[in-house]
Every structure is written in structure tokens, then in C-alpha cells.
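Working notes, structure below.
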Amino acid sequence: MIKAGLTGGIGSGKTSVARHWEVLGACIIYADSLAKELMVTDMKLREQIVSVFGRESYNPDGSLNRGYLSEQAFTTGRVEELNSLVHPLVYKKTDELMRKAEADGYPVFVKEAALLLKNGRPENLDCIVVVTAPEGERIRRVAKRDQVSEEEVRNRIRNQQSEEYMLGLSDYIIDNSKDAAHLKEEAVRIYSLMLKTGHYLAE
């Protein structure tokens, strides 16, 4: 089984690429969605978040107060505090899901994560794919998608690695500066390349 990492700046289109690969037969783990799930279902993590960020972190019905936590993390500069609580559990769960995917016979396992390369190339992945797009376009996409100001999107971008840094650690690059049809073509092309060469990139 090929183990791939998929990343890119916010609004680059990496989730769209992952969905194309899912259709092609890959097992995809969306790290952001997994993190949000664990923040609700893992009782120890819930207690830690409440202790650090306050009871406002969760709504009365027990669901995650995403607006409050996002404001605490990005607006007040506490991203690292939140990440230090959540990311270790995400890494552990991802490894469990990777082993299960291999046992289930998936040809490709993909971890889609914005902060995939924060500490360099993960040793448990065979290859790294980076999705790129012009920053102005990324800002417009995210502002529209999340119904937030462009300045808030810029704040989020400042908390991510630069595109240059990510490209320096990549094996494959997908350019998402054109339309959706072009992105799909590139996703299919890179997936085919991974199937041919991905096993050997880490050796």
C-alpha cells in the first residue's frame, strides 16, 4: 500500500484533490475532520480543552463551539496551544487507520492535512503531494466558503507554512490555478504516477 501525504495552503484545493482520489479507490483521512471528531468524542481531550480554553469551547448540546475556538486560536494567537492538545491524538488515530486500510487491501492511503509538514517530512509516508494556487485566489475562496473576512483568512495563512517551504519537501505538485476540470485531470495524473512510483520514493 502506498502511503501518501496531501497538503497545501488553506484554500489551495487539497480537499478537492482528496475527493477525486477517494473516487479512484484511495483511503483518505481528513486530518481536520478527524481532529474535530476527536475533540467531541474523546472525553480526556474535551476536559483538557475546557481547562485551557474555557467551557465556552462547547455548546450546551455538547457540540464543538467552532466559532469560539477558532477565534481563540487564530485571533488571540493560541493556535499552538490548541494544536499541542489535539495533534498527538490525531497522529495516533491516523496510524491506527493506516494499519486498518492496509489490512483491508487499499492500494493507496492518503493523509490530507494542512500542517502535514510542520515538523518536516513524516517518516511513515512514502510520498508528499502539495497543491498550489495563487494566494489572492485562495483568500477569496476561503472568505466565501467560511463566510469570514479576507483579513481573517490572512491571519490563518500566517499560521501555516509557506508554499515555498512545502514545495521544497514535495515529491509531486498539483497546480490549481485553473478550473475544476483541470484540477481533476491533474489529480488523476498524479494518482496514476503514485501507483507507478510511490512505493519506492521512501527507499
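Among the residues of segment 11-37 satisfying the criterion of being buried (at least 18 other Cβ atoms within 10 Å of the Cβ) and aliphatic (A, V, I, L, M), which is farthest from residue 95 (Cα to Cα)?
Among residues in segment 11-37 that are buried (at least 18 other Cβ atoms within 10 Å of the Cβ) and aliphatic (A, V, I, L, M), the one farthest from residue 95 (Cα to Cα) is 17.
Given (1) surrounded by fewer than 20 Cβ atoms within 10 Å (Cβ to Cβ); (2) closer than 16 Å to residue 161 by Cβ; (3) not small (Gly, Ala, Ser), identify the lone condition not met by residue 94.
The number of the failed condition is (2).
Answer yes or no as to whether residue 143 is at pLDDT 95 or above and in a helix (DSSP H, G or I).
Against the criterion (at pLDDT 95 or above and in a helix (DSSP H, G or I)), residue 143 does not qualify.
Please work out which residue is farthest from residue 69 (Cα to Cα), limiting yourself to segment 152-184 and to residues that are free of Cβ contacts under 8 Å to residues at least 40 places away in the same chain and surrounded by 13 or more Cβ atoms within 10 Å (Cβ to Cβ).
My answer is 182.
How many residues does segment 136-151 contain that are surrounded by 17 or more Cβ atoms within 10 Å (Cβ to Cβ) and in contact (Cβ under 8 Å) with a residue 60 or more places away in the chain? Steps first, please.
Just the residues of segment 136-151 that are surrounded by 17 or more Cβ atoms within 10 Å (Cβ to Cβ), to begin with: 138-139, 141-143.
Now narrow it down to the ones that are in contact (Cβ under 8 Å) with a residue 60 or more places away in the chain: 138-139, 141-142.
Result for segment 136-151: 4.
The values are calculated or read from the model by the stated rules, or taken from the named source; none is laboratory data. Quick caveat: nothing in here was measured; it's all calculated off a predicted structure. Note that we place each Cβ from the backbone using ideal geometry, even for glycine, and neighbour counts take in every protein chain shown.
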